[in-house]
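The values are calculated or read from the model by the stated rules, or taken from the named source; none is laboratory data. These numbers come from a predicted model, not from an experiment. Every residue, glycine as well, gets a Cβ built from its backbone with ideal geometry; the counts of neighbours run over all protein chains shown.
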Amino acid sequence: MISRRPHPFAMVVATIFMLAGAALWALDAFPTLQAISRQTALVSSFTPYGIVAWVIAALILLLAARGTGRLVSLVAFAGMFIHAGIFLPYFETSYQAPTGAPPTVKMIMLNLHYGHGDLDQLWAQVKAEKPDLVVLTEFTEQSSTVLTDPQWQALLPYHLGTTGRSSNRDQFGDSSGTQVLSRTPITLLGRASGTENANLAIQVTSGGHEFTLIAAHPINAVRGGLDGWLNEGAILADFVATQSGHPLVVAGDLNSVPEHLTIHNLVARTGLHQATQGWQPSYPADRMVPLITIDQVLASSQFSTVRVARFRVANTDHLGSVVELAQS
């Protein structure tokens, strides 16, 4: 059998890809590294995709060698296997509701992209799903017709929240508004202080059960920088922790992926689990295939997930979400 080691150039290229994969794995395995800079925080949004770097490295080493020379590719395959562990939490079944279990609450959530999201398309989804709750972030005066439109009022007559200013810009408009629309009466319990966008705690009754909903929208690392992102992540964790003595759901645009330090800290503080199960990235939805999962639902142990689905609405950079939960 002819044996040939990979050409040095192939080794160099493969090594570069393996180092990239290892760096992304390290950002997941040691989340505090994400706080080094804004750049590391942003790159950490893509830690699952490090597996692509390992795959490319393995293919280069396989194709560039012959016979036993291909054994060097085992390093890349080992890295690929280890990196695949990042995906396991997305398919955790501990909080999956039994097949056929009826939901006690159905919610829709959507970031309206400074109020530009197409309300007709959103209404079509709401009309079809008939949710108990709708959580809307980046809610502006341009979106406010949903609060007075008779067809919206007939289905979701109760609402609480804030409204941002109208914006004609696609980038960096007023993102502060957060609204919760409900089929049943709701009560405002509080609002997080010190955040640019409204993060609200609301008492909800649905399916014969009471729980607290946190409609969340902390600032992202692009707009707030590293310090703003970390600070608002900590404020949100503190705010959620004040409500964590009873059934609790956090829903909205969290501006962090599940691998981010901010989400790790929130889960550690509150004991919540991911309710948006499965690999269903939600952003960016306007320019390419969505790559990262920043629109999430976290829930306390009383909740199990019945269904999660994404849907598309024109003129917003997020996919909308339909989440059905069963509360025990």
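Couple of notes before you dig in:
- Some residue of the range 156-169 being under 22 Å from the mean Cα position of the chain (by Cα), loosely packed, with under 15 Cβ neighbours inside 10 Å and at pLDDT below 95: no
- Whichever residue in the range 280-316 is surrounded by fewer than 15 Cβ atoms within 10 Å (Cβ to Cβ) and at pLDDT below 95 and, among such residues, is nearest to residue 86 (Cα to Cα): 289
- Here residue 60 fits the description: in contact with a Phe, Trp or Tyr (Cβ under 8 Å, 6 or more places away or on another chain), more than 20 Å from residue 281 (Cβ to Cβ) and crowded, with 16+ Cβ neighbours inside 10 Å.
- Taken as a whole, the range 245-261 holds no residue that is modelled with pLDDT under 95, among the hydroxyl-bearing types (Ser, Thr, Tyr) and closer than 23 Å to residue 317 by Cβ.
- Residue 46 vs. criteria touching a strand residue (DSSP E or B) at 6+ places or on another chain (Cβ under 9 Å) and touching a residue at least 60 places away in the same chain (Cβ under 8 Å): yes
- Cross-chain or 6+ apart pairs with Cβ under 8 Å, the range 12-25 first and in the same structural domain as residue 55 (by TED's automatic domain parsing) and in contact (Cβ under 8 Å) with a residue 24 or more places away in the chain, then in a helix (DSSP H, G or I) and among the aromatic types (Phe, Trp, Tyr): 17/54; 18/54; 21/54; 24/46; 24/49
- In the range 299-312 there is at least one residue that is part of a strand (DSSP E or B), within 22 Å of residue 239 (Cβ to Cβ), over 14 Å from the mean Cα position of the chain (by Cα) and in the same structural domain as residue 131 (by TED's automatic domain parsing).
- Scanning the range 180-207 for residues that are within 19 Å of residue 144 (Cβ to Cβ), in contact with a Gly (Cβ under 9 Å, 6 or more places away or on another chain) and of a type outside the set (Val, Ile, Thr) yields 181, 188, 197, 198, 200.
- Of everything listed in (1) over 16 Å from residue 235 (Cβ atoms); (2) not in a loop (DSSP other than H, G, I, E, B), the single unmet condition for residue 190 is (1).
- For the range 231-253, a tally of residues being more than 22 Å from residue 113 (Cα to Cα) and in contact (Cβ under 8 Å) with a residue 12 or more places away in the chain returns 15.
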